[in-house]
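Below is one structure; the comments refer to it alone.
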Amino acid sequence: MADYSGDPSEFKVYWFARDLVASSYGSFATKETTTLKQLSSRIEQELESNDSLNRTDLETQKEQIRDTITGSVNRTYGGDISKRYRQTEDLAERILRRIEEEDDIRELRIAIDAVVRTSEILDTAPSFGKQEIVNIVDETLQNDQGTLDPSKAYDALYSVDFDGEAYQLGAQREPLIDYVYKEMEELRADPRIEEKEIARIISGIVQEYERRAGQSRASTAGNVLETGLQHIFNQFGIPATGDSAHFGDLEIDNMVDGPDGSIGFSCKRTLRERFRQSLSREAEIAVDEVWFVSLLMADVSKEKLRDISNDGSRIYVPRDSFVWDQYHTVDDLSYTLRPADQFIEDVVEFTGVSSHL
């Protein structure tokens, strides 16, 4: 087994970077970018003008770092100490406790430059927005004759999820590669930094960047499917609310209300335990049934199918899935387990709405 050290002193660039963007410390790096750029520049000048820092110089540097960080926000608000100042003071204390020697100040400067640059990358990276979703849905729904095929609605949702993840990941990754390459060149130009230390620094930067990037991707994943589902309804002329609705701990992604019936839709990548929150609550959300669309089959168990069946609801899965092969002929699940290619036609038939089918 490889040796492992959880000693934070070996990964200070990572911890400095994490502290600087942490919401518990006021998300300082994203709100006080100018201050951080000035602090980085001043640290660089100080280090270049001194061959080495003695203990007195180090303590002076630490106090200047504290003053720069805490001096960038208002101390009071409404006659009391502001929360932002208290958070910033906590940040300064956290950073100073990590600084034990001159190299730590150098690593703080590297971390500052990293969070500023990676924040810029995240802010300017192309987002997977409505137009991209619309384009994917339209392309997927078209058959060889150039007309819209309702049987491909599920495939369109899957493509939106699949391509959207790849689009966001690629858009965030490409500029990071360029930045990391330049950073490695600069680090290798410093004779005081060994190759293994460069690897530690770069891995810390990338690890923190990926954590932040992953959060941004997760925050948009649900909206992507909601937007895709609504555009599918639009394309087939199915009148839907177009908005997700929250009922306490229950979220419905969309609803269709017709003369013959009403449906609430839960369209998710996976059918997690939260799906049970919608069961037996149709009256609360003013629909006759809740229909589930699950893009991944891992969470679609026989137990969950029976729960949905007992509630008189439905779930749509692909015909080429093992879940469909295994359970679609089971008598008491025949109403519940439905083929994905019939989703749109079933919506129209159940609700009685007029459509473009």
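Where a number appears in this text, it was derived from the coordinates with a stated rule and is not lab data. Because the structure is predicted, anything quoted here is derived from the model rather than measured. Quick reminder, even Gly has a Cβ in these numbers, built from the backbone with ideal geometry, and neighbours come from all protein chains shown.
The chain: percent of C-alpha pairs farther apart than 33 Å?
Numbers: 30615 of 63546 pairs.
Here the long-distance tail beyond 33 Å is 48 percent of all Cα pairs in the chain.
For segment 135-275, what are Rg and Dmax over the alpha carbons, in angstrom?
Values for segment 135-275 (Cα only, Rg and Dmax): 21.8, 77 Å.
Would you work out the Kirkwood radius for segment 1-151? I mean one over the mean of 1/r across all pairs of different Cα atoms, in Å. Don't jump to the answer; show the numbers that get you there.
Working: mean 1/r = 0.0543 Å⁻¹.
Roughly 18.4 Å, rounded to one decimal.
Rounded to the nearest 0.05, what FRET efficiency do Ala189 and Leu296 give with R0 = 51 Å and r taken as the Cβ-Cβ distance? Could you check? Don't skip to the answer; put the middle values down first.
Numbers: r = 47 Å, r/R0 = 0.91.
The calculated FRET efficiency here is 0.65.
Which of these, Pro259, Pro150, Pro339, has the largest mean-square fluctuation under a Gaussian network model of the chain (Cα springs below 10 Å)?
Evaluated over the chain, the most mobile residue of the options is Pro259.
What distance in nm separates the two pseudo spin-label positions at Ser41 and Ile198, each 7 Å out from Cα along the beta-carbon direction?
Rounded to a tenth, the inter-label distance reads 2.8 nm.
Below 8 Å, C-alpha to C-alpha, sequence gap of six or more: please give me the relative contact order for the chain in percent.
This gives 15 percent for the chain.
Please figure out what share of the DSSP beta bridges in the chain is antiparallel and state it in percent, rounded to the nearest 5.
On the way: 10 of 22 bridges.
Antiparallel bridges make up about 45 percent of those DSSP assigns within the chain.
So if we plug the beta-carbon distance of Asp332 and Gln215 into 1/(1 + (r/R0)^6) with R0 = 35 Å, what FRET efficiency do we get, rounded to 0.05?
Efficiency computed from Cβ-Cβ geometry: 0.25.
Using a Gaussian network for the chain with springs between C-alpha atoms less than 10 Å apart, which of these wobbles most: Arg84, Arg97, Arg212?
Looking only at Arg84, Arg97, Arg212, the biggest GNM fluctuation is shown by Arg97.
Ratio of Rg to Rh for segment 104-160, alpha carbon only, Kirkwood? If you can, show how the numbers build up before the last one.
Working: Rg = 20.9 Å, Rh = 14.5 Å.
Over the Cα atoms of segment 104-160, Rg/Rh equals 1.44.
When we measure straight from the Cα of Lys268, which lysines land under 20 angstrom away, once same-chain ones fewer than 8 places off are left out?
Candidates past the 8-residue exclusion: Lys130, Lys152, Lys302, Lys304.
Would you mind calculating the relative contact order of segment 18-175 from Cα pairs under 8 angstrom and at least 6 residues apart, reporting the percent as a whole number?
It comes to 24 percent, rounded to a whole number.
Any lysines with Cα under 26 Å of the Lys37 Cα? List them, leaving off those in the same chain fewer than 8 positions away.
Here the lysines satisfying the reach criterion relative to Lys37 are Lys12, Lys62, Lys83, Lys182.
Full-extension gain between Glu303 and Ala166, please, as 0.36 nm times their residue separation minus the C-alpha to C-alpha distance.
Details: separation 137, 0.36 × 137 = 49.32 nm, distance 3.25 nm.
The span from Glu303 to Ala166 would gain 46.1 nm if fully extended.
When the chain is fully extended, how far beyond the present Cα-Cα distance does Thr70 get from Arg86, taking 0.36 nm per residue of separation?
On the way: separation 16, 0.36 × 16 = 5.76 nm, distance 0.89 nm.
Fully extending the segment from Thr70 to Arg86 adds 4.9 nm.
What chymotrypsin sites (Phe, Trp or Tyr not before Pro) in segment 278-357 are in a loop by DSSP, with at most 14 other Cβ atoms within 10 Å of the Cβ? Spell out each step's value before the answer.
On the way: sites: Trp291, Phe292, Tyr316, Phe322, Trp324, Tyr327, Tyr335, Phe343, Phe350; in loops: Tyr335.
Qualifying residues, ordered by number: Tyr335.
Applying the Karplus parametrisation 6.51 cos²θ - 1.76 cosθ + 1.60 with θ = phi - 60° to the phi angles of segment 42-52, what ³J(HN,Hα) value in whole Hz is obtained for each residue in order, glycine and proline being reported as x?
Result, ordered by residue: 5, 4, 4, 5, 5, 5, 6, 7, 10, 5, 7 Hz.
With runs of 4+ DSSP H residues as the only contributors, calculate the mean residue ellipticity of the chain at 222 nm using -39,500 (n - 2.57) per run, divided by the residue total and rounded to the nearest 500.
Details: 12 runs with 199 residues, N = 357.
Roughly -18500 deg cm²/dmol at 222 nm, from the helical runs in the chain.
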